[in-house]
Every structure is written in C-alpha cells, then in structure tokens.
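Working notes, beginning with the structure itself.
Derivation of every value follows stated rules applied to the coordinates shown; laboratory data play no part. Because the structure is a prediction, the values reported are computed rather than measured. Reconstructed Cβ throughout: ideal geometry from the backbone, glycine too, with neighbour counts over all protein chains shown.
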Amino acid sequence: MNQLFAPFKLAGTTLANRVVMAPMTRSRAPDDVATDTIALYYAQRATAGLIVSEGTPVSREGQGYLFNPGIFTPEQIAGWRLTTQTVHALGSHIFAQLWHVGRVSHTTIQHDGQSPVSASSKTAIGATAFGYDEQGNPGLVAASAPRQLATDEVPRIVQDFADAAENAIAAGFDGVEIHGANGYLFEQFLNPLVNDRTDRYAADTMENRLRFTLEAVDAVIARIGREKVGIRLSPYGRLFDMPHHDEIDATYTALVAALGERRIAYVHVMDQSGFVIGDKDTGMSVSERIHNLLRVFRKSLPETALILAGGLTRERAEQLIADGTIDLAGFGQPFISNPDLVARLQNGWPLTPPDRATYYGGGTQGFVDYAPFLPR
C-alpha cells in the first residue's frame with residue numbers, strides 16, 4: 001500500500017505521486033483568458049502529481065459556458081503561460097483538457113447568435129449551458145436546439161482539436177486531455193440514441209461510431225506526439241441527456257482497444273455513479289459496471305496509463321492501484337476546498353467541506369481563499 005504517494009512514470013515523464021487533480025469548471029475568466037488568479041488557484045494545488053486543467057474550449061463554437069479560459073487565440077495562449085510556468089516551478093505537471101460541448105451550448109454564447117453544432121439534430125432535453133438569460137444576465141439557460149454538422153464540416157472540428165493541442169504545448173502544458181466525456185461532443189457521436197446521422201459518422205456500425213473520436217485522437221497525436229495525449233471517458237454517464245443503450249460496454253471496449261493500439265499517455269475514466277441500468281437492471285450499480293469495464297480496459301492498455309476519478313477515497317484508490325486495476329487516482333471536488341489535498345490524504349487530516357454556492361463564477365471567494373490544514 002501507500003503507492004498513491006509514490007512516484008509514477010507517465011509516458012516517460014516522472015510524476016511526484018499518483019494523485020491527479022481532475023478537471024473542474026470554475027468559470028473565473030471574465031474575458032475567457034486565464035488570469036493571475038487562475039494561476040494562483042492551480043499553484044495552490046500543485047502537490048498533485050498531475051493536474052488536468054478545467055475544460056478549455058478549442059473554439060468559440062465549442063464553448064458552452066461563459067468565463068472559461070479557451071485555447072484558440074493568442075491572448076488565451078499567453079494567458080495560460082503563467083499557470084503552466086508556476087505549476088512547473090512547484091514540481092508538478094499539467095495537461096490541458098481540450099473541450100467542445102457540441103449541443104450543450106446556447107445561442108447567446110455562439111458567434112452572431114448561431115445555433116450550437118453537434119453530431120445530432122436532437123436537442124439535449126433538460127441540459128443547461130451557462131449563457132445569458134432574457135434580461136442579458138449571465139446564468140444557467142436551457143441548451144439551444146443544435147444544428148447537425150454536415151459531413152464535410154467534421155474534419156474542421158478535428159482540425160480545431162489539433163490546433164488547440166499545438167496551442168496548449170505553446171502555452172507550456174505538458175500535454176492535453178481530449179474531453180470525450182460528460183455528454184459533450186464526442187459522446188454525441190458515440191451514443192447511438194443521440195447520434196441520428198446517416199453518413200460515415202453515423203452510429204450504425206462500430207467503425208462509423210468511433211470514427212470522429214479516433215480521427216481527432218490521430219490528428220492530435222500527429223501534431224504533438226502520442227506521449228502527450230490523454231482522453232477522458234464516462235461510460236454509463238447520463239449527463240446532459242445521454243441515455244443508456246445496450247452497446248455501452250461494446251462501444252467503450254472497442255474504443256479503448258483502439259486507443260491502446262495508439263499507445264497514448266493515458267485513458268481517464270470518470271465514474272458517474274448513482275444510476276442503475278433501468279429495465280435491464282442486473283442489480284449492479286453504475287460504479288460496479290464501470291469497475292468491470294476497467295478490468296477489461298486494463299488488458300487493452302499495456303503501454304497506456306489508466307486513471308479513475310469519481311467518489312474515490314484514499315483507501316479505495318490505494319486498493320485499485322495495488323490490485324493493478326488503475327495506475328493513477330483522480331480527485332475532483334475535494335481539491336476545491338482542500339488545496340493541500342495530497343498532504344491531507346497522506347496524513348489522514350480532515351477535509352474541509354466546499355462551499356457549493358461558489359463553485360462557478362464570482363471572484364476569489366471559494367476559489368483561492370481556502371486555507372491549508374495546520375496540524376497542532
């Protein structure tokens with residue numbers, strides 16, 4: 001045990017420990033550019049072996065939330081440099097999470113009020129974006145009806161990811177994590193109950209279903225190298241109107257096998273527990289099904305690290321690392337209110353509960369004002 005705090009070599013880079021700070025949207029960039037305060041936020045948490053940044057949009061079209069620092073303009077690239085330089089000076093490593101929300105956006109966020117784009121023509125029922133309401137105030141708004149991307153437009157989105165990856169390296173990031181989870185654009189292609197296309201990017205065959213994701217991965221690898229590429233996935237997630245379907249296991253097993261062949265740096269799985277399978281419920285929770293999938297994934301990833309995030313404790317993380325199920329353990333919300341989370345986990349110190357009212361937007365309160373634990 002105690003492997004959680006031991007160094008780990010990730011695609012040739014030695015991390016100080018196996019603790020990963022998972023990506024979390026905080027909406028603290030008024031001009032969509034990373035600020036000095038954002039750099040301080042990550043610096044406070046730089047005892048993690050690896051930090052994955054909050055989702056950073058690859059284009060204005062890919063943005064679904066106001067006040068998120070992007071990675072598609074010169075100003076945004078420059079804005080991230082203080083963060084990456086500070087994190088490196090403190091001995092940690094940081095990957096940029098590349099993000100395109102697809103249909104989970106709103107016309108008030110899009111250029112000239114255009115419709116969001118997606119794999120699908122279906123509106124994400126019940127999903128909200130963070131845009132402008134009818135009074136022009138920022139807040140949660142129902143996702144707008146999307147426009148289905150034409151076949152010849154999809155390569156443009158692939159190019160956006162490759163360009164963003166190159167921009168991230170220019171900004172000083174050690175690599176990138178493609179955001180393939182949480183009901184956003186990649187899942188909109190992967191889910192056959194959402195993807196209503198009839199072209200080569202349809203969900204009618206496994207090859208077509210995986211095509212967009214693998215094209216984006218290949219384009220990013222070609223631009224910055226496989227050792228600097230990770231991807232986040234959320235099998236059995238239901239965020240933003242992502243219905244469960246009968247081919248979840250087969251889809252993600254095939255995708256992860258293809259990723260293993262590409263020998264990327266890591267696959268990052270998010271456990272969105274709390275649901276069961278529905279009318280074909282076998283009595284297993286989502287968490288149990290994901291852990292079964294992790295054991296299958298492990299066999300396909302001989303040279304690729306496997307990360308799990310979602311509801312982990314130190315004890316659970318240690319056990320999964322010890323039995324070889326995962327290599328690295330991701331922690332999200334605990335890092336919000338515990339900037340010194342690594343020390344707290346290692347020493348058994350109590351965790352400070354977060355102020356949920358300050359998760360998104362606002363100033364320094366609930367962002368960089370949480371104090372470290374001071375043992376007596």
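A few notes on this one:
- Rg/Rh (Cα only; Kirkwood hydrodynamic radius) as it applies to the range 68-125: 1.13
- Leading residue at positive end of dipole, the chain (Cβ point charges), from PHE186, PHE331, ALA254: PHE331
- Max mean-square fluctuation residue, GNM over the chain, Cα-Cα springs under 10 Å, options GLU177, GLU207, GLU153: GLU153
- Burial ranking of peptide ranges 307-317, 95-105 (average Cβ count within 10 Å, highest at the top): 95-105, 307-317
- Estimated translational diffusion coefficient (Stokes-Einstein, Kirkwood radius over Cα pairs, 20 °C, 1.002 mPa s) of the range 180-339: 131 µm² per second.
- Each of VAL52, VAL158, TRP349 was placed along the dipole of the chain (beta-carbon charges, centred on the mean Cα), and the one lying farthest toward the positive end is TRP349.
- Peptides 117-123, 287-293 ordered by average Cβ neighbours within 10 Å, highest first: 117-123, 287-293
- Value in Å of the Kirkwood radius, where the range 246-363 supplies the Cα pairs that are averaged: 16.1 Å
- Distance distribution note for the range 8-358: the fraction of Cα pairs above 35 angstrom is 17%.
- P(r) tail fraction, the range 304-376 - alpha-carbon pairs more than 16 Å apart, %: 55 percent
- Solution diffusion estimate, µm²/s, Stokes-Einstein, the range 124-230, Kirkwood Rh from C-alpha pairs, 10 °C, viscosity 1.306 mPa s: 102 µm²/s
- Geometric descriptor of the range 103-142, per residue, is 62 Å³ (volume of the convex hull of the Cα atoms).
- Percent of Cα-Cα distances greater than 23 Å, calculated over the range 1-84: 30 percent
- Computed over the range 56-178, the ratio Rg/Rh where both radii use C-alpha atoms and Rh is Kirkwood: 1.02
- Given charges at beta-carbon only (K, R positive; D, E negative), |dipole| of the range 8-358 in Debye: 700 debye
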